[in-house]
1. Tell me whether segment 80-99 contains one or more residues that are modelled with pLDDT of 90 or more and surrounded by fewer than 14 Cβ atoms within 10 Å (Cβ to Cβ).
2. Search segment 6-48 for residues being in contact with a strand residue (DSSP E or B) (Cβ under 9 Å, 6 or more places away or on another chain) and outside any helix (DSSP H, G or I), and hand back the single one that is nearest to residue 72 (Cα to Cα).
3. I'd like the full set of residues that are part of a helix (DSSP H, G or I) and touching a strand residue (DSSP E or B) at 6+ places or on another chain (Cβ under 9 Å), limited to segment 49-78.
């Protein structure tokens with residue numbers, strides 16, 4: 001029988017990942033433009049797959065724009081949420097590396 005339904009996620013705004021923002025603390029525009037171009041082509045290719053395989057359903061999931069919106073305007077989703085998520089990620093990192101939980105890592 002096989003799979004008939006597929007969801008394909010696009011790439012993230014790669015120029016806004018922490019490694020890309022390490023020096024300037026700003027998103028790398030050129031890298032983000034490349035990611036956006038990739039997503040446009042991927043979306044078009046997924047639409048073509050629907051015509052190639054009429055019994056299957058293909059859906060493109062946009063990951064780029066929602067995440068870019070969160071990065072550009074974190075207050076729209078609540079600044080406290082962004083602060084807590086950074087703290088949680090740091091605590092996970094500290095626990096993984098040192099196998100120790102600092103008192104500051106307790107999230108209430």
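The values are calculated or read from the model by the stated rules, or taken from the named source; none is laboratory data. This structure is a prediction, so every number in the text was calculated from the model and none was measured. Note that we place each Cβ from the backbone using ideal geometry, even for glycine, and neighbour counts take in every protein chain shown.
1. No; the residues of segment 80-99 include none that is modelled with pLDDT of 90 or more and surrounded by fewer than 14 Cβ atoms within 10 Å (Cβ to Cβ).
2. In this case the residue turns out to be 10.
3. Within segment 49-78, 49, 50 qualify.
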